[in-house]
1. Within the stretch B:44-72, count every residue that is within 21 Å of A:Gly19 (Cβ to Cβ) and either in a loop (DSSP other than H, G, I, E, B) or basic (Lys, Arg) (or both).
2. Could you give me the residue pairs with C-beta distances under 7 Å whose first residue belongs to the stretch B:1-21 and is of a type in the set (Phe, Trp, Tyr), whose second residue is part of a strand (DSSP E or B) wherever it lies, and which are 6+ apart or on separate chains?
3. Taking helices (runs of 4 or more DSSP H) that fall entirely within the stretch B:354-449, which contain at least 3 residues that are within 11 Å of another protein chain (Cβ to nearest Cβ)?
4. Looking at the stretch B:245-268, which of its residues are of a type in the set (Ser, Thr, Tyr) and within 14 Å of another protein chain (Cβ to nearest Cβ)?
5. Go over the candidates B:Cys207, B:Cys243, B:Cys194 one by one and state the one that is over 24 Å from the mean Cα position of the chain (by Cα) and buried (at least 21 other Cβ atoms within 10 Å of the Cβ).
6. Can you find even one residue in the stretch A:97-106 that is surrounded by 20 or more Cβ atoms within 10 Å (Cβ to Cβ), at the interface with chain B (Cβ under 9 Å from one of its Cβ atoms) and within 28 Å of B:Ala42 (Cα to Cα)?
7. Can you tell me which of B:Leu344, B:Leu401, B:Leu358 is closer than 21 Å to A:His97 by Cα, surrounded by 14 or more Cβ atoms within 10 Å (Cβ to Cβ) and either over 37 Å from the mean Cα position of the chain (by Cα) or of a type outside the set (Lys, Arg) (or both)?
Amino acid sequence: MTKEILLYDIAHARTGDKGNRSNISLIAYKPEHYSLIVEQITEQRVLNHFADRKPSKVVRYLLPNLSAMNFVIDDVLDGGVNDTLNLDMHGKSLSFHLLAMKVMMPL
Amino acid sequence: MKSFLVGCGAGFSGDRTDAAPPVVKTLIERALPCAIIFENLAERTLAAHQLTKRSYPDLGFEPLLELELEPILADCLRHHIVIVGNFGAANPKGAAKFIKALALRLNLDEPRIAVLEGDNLSDQKSKPLLKEQLGKSFDEENFVCANAYQGAKEIAQAISQGAQIVVTGRVADPSLTLGPAMAFFGWKEDNWNCLAGASMAGHLLECGAQVTGGYFSDPGLKDVPNMDNIGFPIAEIFEDGSCIITKADDTGGLVDVRTVKEQLLYELHDPSAYITPDVVCDISKATVEQVGHDRVRLSGVIGHPRTASLKANVFFDGGWFGEGEISYAGPNAEARARLACDILQKRMGKYMHLRFDLIGITSILGDDAGRMLSRQSVGQNLDLRVRVAAQHTSKDIIDLLLREVTALWCGGPAGGGGVRVAKRQRLSTQSCLIARDRLPATFHFYDGK
């Protein structure tokens, strides 16, 4: 049996930017939830989740010592801080968009 | 184990100017060898200062320098707290002159101020180098300025030779912390693990409150005490390069494993290769642990040999950016807001691409093509705001767009209110890697000339 929860309930995140590339850290509050996140929040799912922003590539780096991972998302910022017309030029708010993803939690 | 403290007094240009005094007070009370850093330069901040310096040759350094240093200068000089800041921006010598005058005004002895140079590639004689690096993409006509990221070595040398204040232009942010730590511990340039550890300490400090509970709070889930008086961070750096992050005494905010992990990964890509001018840092095996109240230890950072090149940012005139907003409320507000967008698109869309947002519905998650908004059906939001944004090489065209937004007062849908319009110059950036032996950094002590 599983139930659907928000990634937000078990992890926190922060966004940084360099040019047209965004990085979003994703950190499990509890180490016991880390493997669940590794299993379910894959590069492909993140690519799909950000589809409205047309990312070209997502790379995920794992940091098991920190119960954390780092997503590097290319071409997701409409050219980046110097070119985009977005109010959030840096894409700072994308971390909480990531946390809106769903996770299936075993009961 | 021997330790050295580095406090942070500012994390960006325009940061709170009352943050540094509690940090200095704490450093004095700890009575350990120490330094305080001021990080004032985002990527584009420096380009803006270069433009200022063109018009006003005495300016072009951090405009808040006086507000930053006046409350702490006397204490720092009296208690041997070295001040290191990239507040020199486009004009490190100008900043040094300004600090000297400030010290005299405060009746202090003249401080020994070191000025770092070698980052600025904005002059005529640097152009051939930039052309060589960028090839055809070097747009000479629109070239504004360029700066290379220098490292910690010259900062350390200046401090070893007696500098009380080190003024830099563009140096990598973590180098502001590594420099004084290198000077204190006498680390060699190839002591990679120590250099990497202290660089990551610098990385944690460089955004000020972002490691002490700022940019972190989420009410109910990640609560932070007394955020209105958030304390700025202090790193206690050990001779093996590990560190403990803490913060100024008697302030708000918090330091825990969550705040430290978020900031550790901030603006990182591959965690096993965070490249600075000084070292390549590897945090893939690093550990973060709570070792006391508001005290978190970072250890296990590995260093790899520095790269053969330095990064430079090159800025070009990017034309003009304009944006305008107008609000609609009550029944059918969204339909009226969308009609306003339609009018602007029909009148101005022939000149350039326009981005539309409906603030209150979708304003940041969509892309510039507006695919998210166009997919949504018209809802019944009772209070929302249209935003249009565009860029163009011609200021006149942007002015025309802004007048069209203003014209929605009388010629747009019913009940529009609160028009605001704004424009600004844009800069476009290119980055390149330049062999470090072609970009020698230097420092000298400011002699008042």
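The values are calculated or read from the model by the stated rules, or taken from the named source; none is laboratory data. This one's a predicted model, so the numbers in the text were calculated from it and none came from an experiment. Reconstructed Cβ throughout: ideal geometry from the backbone, glycine too, with neighbour counts over all protein chains shown.
1. So the answer is 1.
2. B:Phe4/B:Cys34; B:Phe4/B:Ile237
3. Numbers: elements: B:371-375, B:395-406, B:408-411.
Result: B:371-375.
4. Step one: list which residues in the stretch B:245-268 are of a type in the set (Ser, Thr, Tyr), which gives B:246, B:251, B:259, B:266.
Residues satisfying the conditions are B:Thr259, B:Tyr266.
5. Working: B:Cys207 fails: over 24 Å from the mean Cα position of the chain (by Cα); B:Cys243 fails: over 24 Å from the mean Cα position of the chain (by Cα).
Exactly one of B:Cys207, B:Cys243, B:Cys194 is over 24 Å from the mean Cα position of the chain (by Cα) and buried (at least 21 other Cβ atoms within 10 Å of the Cβ), namely B:Cys194.
6. First, pick out the residues of the stretch A:97-106 that are surrounded by 20 or more Cβ atoms within 10 Å (Cβ to Cβ): A:98, A:103.
Still in the list and also at the interface with chain B (Cβ under 9 Å from one of its Cβ atoms): none.
No, the stretch A:97-106 has no match at all.
7. Details: B:Leu344 fails: closer than 21 Å to A:His97 by Cα; B:Leu401 fails: closer than 21 Å to A:His97 by Cα.
Matching residue, one of B:Leu344, B:Leu401, B:Leu358: B:Leu358.
Here's the yes/no breakdown for (1) crowded, with 17+ Cβ neighbours inside 10 Å; (2) farther than 30 Å from B:Val144 by Cα:
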{"site": "B:Ser3", "(1), (2)": "yes, yes"}
{"site": "B:Asp18", "(1), (2)": "no, yes"}
{"site": "B:Thr26", "(1), (2)": "yes, yes"}
{"site": "B:Phe87", "(1), (2)": "yes, no"}
